[in-house]
Amino acid sequence: MGLEASGTTPLDPAYILDISTWALENQEPMEPKDLPNAFLQRLWLLSPDARSPCCKPLHDVLKNANKSPEEIINDFGGESQSAINPLDLVSAVFMSANTFLQQEMTVRMLQCQFAVPLVLPNIDPEEPSHFLLWPLRGAVSKWRSHLPDNNSKVYEGDLASTYMPIVSCVKLGYSGVSKSQVLNNVISGLRSPSETFLHRGLDGGQLPRRLSNGLVEVGWYLPTGDTTRDIFPVPVVISNLRGDASSHEKCLSLLCKVSSAVVVFCGDLREKEKLILASCKNMASKLILIDLSDAEKNENRVVGFTGPNLEEYMGVPRGSVLQGRDLSEEELANRLCDTLKDLLPYELKHVTLEAAAKLAKEHGFNLDEGAACEKAMATVEEVLRGLDEGSAQFREKQIPLQGPLWSKLAEIEKEESKQRKEGKEIDPQLQKEKKDILLELSSYKMTPAMKIFTDALFTDTVERTYFLSRMKLRLLQKQIQKPNSPQDIVTNLQTEMKAGLPEFYDELQNGTNDNLLDSDSFCTDSTFNEETTEEQHVSEQHQMCLDVSFDQVASSSQPSEPDPSTLGLEHFLREMGLIFELTHMSPSSGSHNVLRLPSLATDLLLYGIPLELMDGDASNIPIHWLGCVFAELKRRLPQEQCRTRVLTNLGVHHDRNTEVLYALFGVRFPDGRKRATRGVYMTALCLPDNLRKDMEFDFLFLIDAGLCTMSLDNTRNMLIHDNEMATVATGLSDVLMQSISSHVGTDFEANFTVIVNALLRINECGSMPICQLLAQDESINTLLQASQLRRVSDMLQAEIGDRGNSNANNHYAKTTNSITCLKGPWYNMSLSDPIDTQYSKAVLKLKQNLFEALKKCAAKSKAKGLPEFMSHLCAVWDAVKAESFSISMNNTDIALAFSLFCTELSQWENTFLEHTESWLNGARRTIFDTKAKAVDALIQNGLLSELKDEAREEVKTEVDTLRSKGEAYLMKENSLKMNTFRPILVSHMDDLQERVTEELIQRLGTVNESHCSKTQLEHFEALLEKEQESKLHTLLEKSKATKVLLQDTELEEEFEDAWSKTLSNFEFRSSETDDITTRVTDILKENLISRGLHKHMNKLEVNGQNQTASFQVSDEHFGYRSRLKHMFEDNNRQQKLEAQRVACNIIEEYNQFVAEKSSLPAEFSDSYITTLLDNVEKALKETSMEIRSAFEVELKVYLCSSACQDFQNLHDRYAKNSELLTGITSSKSTYKAEFTYQFRKRDQCQRVAQAFTSMIIKPTVSDYIYRPLGMCIVEEIQGKAQQYQSPRAFHQSLLEELIEEDCFESFLEYLLSYENIRVRKIQETVVAHLSESTSLNKWRQQRLGEIIGKIAAAVSQTTDGTNGVLSDTKPLLESVCLNLEKDGDVDVSRASLDGPFFSITTEWDRFVTCLMELLARMRLDLAQEFSQNVDITQLLQCLPDQPQCFLLSRVRGCDQQCPLCGAPCELSEMGHEVHRALLHRPKDRLSCDSGSLCCPLSCPVSMTEDNPGMSKDIEDTSVACRVLHSLYPDWIISPEDPNSQMPSAYWRYVLARFSERFAKEYKQGPTKIPEEWKKITKEEALYSLKEAFLPE
């Protein structure tokens, strides 16, 4: 933990100065070695997490880069980041500290309600532990006991010597109960559990202990007097042994012997623990056992040590065993509390830790109070011998110089100074009195007490520190004790009780308690006798002992006035200074070691003991003494380290001021607990090296000036003394901290007037400290006084021109005076009172304010050296003695009147500032109204100038009004009519006018600049947005065309291009720019010097001038030998050409370099010139020519001159508004991210719109166009072709087409597949019609326009109220579909909308724009498609309703065919039941199958009717015809008219025409065709057809 060095050099209190005094923030430890410093710093701030072992979670990534994750986790302790057990942290710091730092730590830990070490284990486990008594001597507190006759007295005592019950708690065996948490609950009672004792539930508490096993801690419980709140009626010390007691038997033995009661937490015990527990019973006065054993684990238990037998086995009284195995820690704590309450206050002996220390030494423990401590303590007793007779008598005998003679001498000197100031002669009577006093003082001989005191201070540092600390503690004890000795009383009580308890004392004489009787730490012990009378007697004796203990040792401490006769260490130090001062007043009075006293005082000052600058009781300053001390201090310090600043704390003299300064700087000043010692005290703090440069001084002098809290002898004299002290302290100060408190006994008005008068007097001298106000509580009186003092300080600081910067909340208020509230802990608070949770933050805030004020002092004045400080002290003291001020030392009216005037003026100023703020708001609106003209610098600057002039006039007018009101107030108030206050008012008004005017003009400029910058930024963003929109449009079109998702790198490249173009085209506001020629020349000069070309420096004079010609190579660029070598080569022409080529190449490379840098969006940099010169050197190095350095220099000068012109433009462009450019550049990543985001969203929007168009809109449009198209075609065909009006007309037309075609295959198809030929003919008709018709394109264009209009209307209806709003597209698209279906009467298939694809969040109006663009493009594409030639077949296939199907349905009829010949039914009536064919087919040319016989009555005659061999068949057929009606009742088959041959002429013509083909097709032999058939013509056949289809 970084404490290795403390093994040889322990940490001392000075170490606190390094880690706490100069720390302005609570720094988190980064690694384990930082934990000790963090512990001490937090402890001095009384932070509740001071003992936290956690390191900062953000560990160094680079440090752990090579470690595995497991190692990192192990190093940092998982989530808690705890490095060690917190108990080890506390132990380690205590082990590394000397006893004096241990005492300071102990006091602070007890204030935090932490347990403190009593027995500290040794680092070497083989060595004995340390018993820490000295640290406990400094722990002093107050309490109120609940004894019957104490009447709620307030007691005060220290932890080491106060008689109290000590309850020691140990653990034997393993148990799951946390002993420390139980004890915390015991101490806390009904309040929230404290963390007095560290336990495993805290951060790091679960980690194994390495140093703290065997540690004994003590917690100090103090009652408050509130019976509802207090747990115990008397103070109780609770000690806690860490670790299992079986491993620390020595500590256990000590605790058993010194404790009033021992509480043993018994876990699972074995044989060893059994023996130890039995020994505890023999040693302890009172034993309480808590059974925590596990009932289920019997293998580790010892019979007789568990359950109900434990009490009987141990032989302890009833109720001494608590069953805790089934109780929670809170319940167990309550049980233990109840048990201890029953024993308090009478049944437990009261002991002191002083006596315990003696017993510990006998047991082999190392006692921290060694020989040096014992010697120092003995010396203290010698110095204070005779003090018991009375403080007043002791002061008269041992420190007489502080008596009335010193005070009288001070009065005489002040009167002499007044007479000198008035120009009068010194009164002879005064001179005689002064001579008599000096004569009487000359007979002074150093008293024995002072001789011993000074001799003790000349000892070594350790012994001297022990001596001074012991002096403070003994003098404090003398204040809180009564004259009777507690040891004598206790001895008498023991003697009386011994007669009543002979058996008990025999045991003490012969048993383990032999040493107890000789110790002064115990009152009588108690035994439990069965006889009631003896129990009562013992109780009475204990009552007597308790009364003596608290009344005589701790002492009653009722609130009372400070005793002027009480002594403190400061009295002896004051006497030491007066002894030296007397040697200068009366040289014949020199005595023992007097000349060495300034050196001794310097040692004490550097060690931290305050030096008294002014005796507040006598109101005098020992000038010679202080001069020698400061001379000695200067002699010891280096001359360059003597710069000083003074920070003064001015307030009522009481302990609170001491606590504040101790918390801030770690130094102790004399407190005012029970003493009336007053004075001005100073300590010196040396600044660390890292602060000296920043603060501009080396030493910080801390001064504490305590005022009188109440009248002690003469009120008038005390008031004068207070005024003199406050004036001296204020006059010495650079920073003045005014401590304000409503402390009991303080006189609010008197102290307030003293402070105000001091400020007024010092103000007359022309100097004024920076004031800081500290409120020590939040009472109304404190806050009122703080507010009034702040107003007074503000008023006075204005006169000396000390103005602070404006703060954020009130733009016109000075920040030199700030108020910090700090609430405790104070001395009059008990250690049982909790610390304010904001205490640590308040201390740090106050320290930050003070150091900020000290830093501001450098702007006011130069830090004084030690001689200057002493001279200043003399000057201030001379002014005070002579009362060289307009305000007398006993005047109080002026201060009150002036403070009231400041309050009244402050209210007027607030009204004025409100008016100013209102005017500024109007000016702000005026500036903002010029938005369009903000970029016009001339207009904007003119407006700003007008507003500034108006602001000056407005402020001047209002301040003049305030000045008049203030002067009238001063003339009206009698106390303020003197000439002192009008200059203050005038100066304050001038300061107010200047300050407000300056601030107002500054804010106007800020508003104007902000407005212009905002306008510029908006203009830039508009340009960038325009450029980005162009890029986005291009990228989106590319994405739409390629359907490839663009990568981020491509987007970043496009953005960089847009960014560069925008910056290059953006016009910044013109402003002053600097010339870069000087910068370029300096760089060129350094380059030539580094290359040893000093002789060419004169060539730099032309750098930066305009180039009038190109660079030319001359003969001077070549050496004599080179020219001689090439003289025959046409006057070196070839060499010159080569050099010129090299120069041209370098210049060309330069031009490319300039072009590259100018295209970058970056400011000119010096590195450009450095790179340019390096390129020249590199190019010349690569050439093989013999060339002189003049060529290199002139070429560099030429290029640098060009660079001055080329890069000046670049510099001007970016120097015009660097702040705006910086802001724009810093937001570049945001703009880039927004660009990428916009593309991604728009691309996503476009893709979703494309999907919606292709998957939903386009199918809907296609369906809307093509679904009714079939019916349109049918209607048009029917209008032009009559054969499609009925099945009969179609059949007739079909037969006519067949005969016109004259094609056998068609007739054959008709006969064999009537359905196919019918469909084919309809298909051909439709195709032929569409091929000739022009209506198709018109129909489609019309329908396309209709559907697009309906879609646009549906989208527009959905768009209402969604402009600029981010919306989910899916529900909106569903709404579009619903609107289209409802209002447009369009069928929309929304199945594709299911799923997450269409659910994106985007701006609906942007999506609509994209959708409408796609819709328009789709319309154009379809319109263009409709205007082109179309494949009719493909068109018909895509029609939802086929026109040929419609036509077929119109001519289909009933689809019934003749059962004999297959001729179709010709009846067109719907629902007819009897069918009829108008023209039957030939019977012998049909396929022969059953049921296909033709009727001879209606079918055409057979081709064999003229064949005689077939007459028999005819006769048979005729017979069968008679029964046709019975066979086919649903068919009408009428016999053919024998007189008419026309109906059959059609088929006879066909048979005659294709006879052979039919025969061949049917595989029959040749058929003889009648001649009559052959004579039938086509016209006759057609006529017969018409005859057959004539309507009936």
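Seen through its C-alpha gyration tensor, with square-root eigenvalues sorted a ≥ b ≥ c, region 1308-1388 comes out prolate because a/c lies at 1.5 or above while a/b is bigger than b/c.
Charge dipole of region 1367-1452 (Cα centre as origin; +1 on each Lys and Arg Cβ, -1 on each Asp and Glu Cβ, all else neutral): 320 debye, rounded to the nearest 20. When a/c reaches 1.5 or more, the comparison of a/b and b/c decides; with that in mind, is region 988-1093 rounded, prolate or oblate per its Cα gyration tensor? Verdict is oblate for region 988-1093.
In this model, which of K1031/K1228; K1241/K1370; K1560/K1586; K414/K445; K856/K948; K823/K847 are farther than 24 Å apart at the alpha-carbon? Long pairs (Cα-Cα over 24 Å): K1560/K1586; K414/K445; K856/K948. Given a Förster radius of 60 Å and the C-beta distance between V1044 and S1110 as r, what FRET efficiency does 1/(1 + (r/R0)^6) yield to the nearest 0.05? The calculated FRET efficiency here is 0.70.
The local environment of L438, defined by Cβ-Cβ distances under 15 Å, has a net charge of -3 under the rule Lys, Arg +1 and Asp, Glu -1. Extension gain for L1378 to S964 (0.36 nm times residue separation, less C-alpha to C-alpha distance): 141.1 nm. Applying a DSSP loop filter and a limit of 11 other Cβ atoms within 10 Å to the GluC sites (Glu not before Pro) in region 121-210 leaves E126. Taking each of K1321/K1578; K375/K472; K1157/K1181; K349/K375 in turn, the alpha-carbon distance tops 20 angstrom for K1321/K1578; K1157/K1181; K349/K375. P1440 sits among other residues whose Cβ lies under 11 Å from its own Cβ, and their net charge, with Lys and Arg +1 and Asp and Glu -1, is -2. Quick check on region 338-442: take the gyration tensor over C-alpha atoms, sort the square-rooted eigenvalues as a ≥ b ≥ c, and tell me if it's rounded (a/c under 1.5), prolate or oblate. Prolate is the answer for region 338-442, as a/c is 1.5 or above and a/b outweighs b/c. Remark: region 1577-1584, residue by residue, has Karplus-estimated 3J(HN,Hα) of 8, 5, 5, 5, 5, 5, 5, 4 Hz, where x stands for each Gly or Pro and the curve is 6.51 cos²θ - 1.76 cosθ + 1.60 at θ = phi - 60°. Rounded to whole numbers, the Karplus 3J(HN,Hα) couplings from phi for region 841-858 are 5, 5, 4, 5, 5, 4, 5, 4, 4, 5, 5, 5, 5, 4, 5, 6, 4, 4 Hz, using 6.51 cos²θ - 1.76 cosθ + 1.60 with θ = phi - 60°, and x at Gly and Pro.
Where a number appears in this text, it was derived from the coordinates with a stated rule and is not lab data. Just so you know, these numbers come straight off a predicted model, no measurement behind them. Virtual Cβ from ideal backbone geometry, glycine too; neighbours counted across all protein chains shown.
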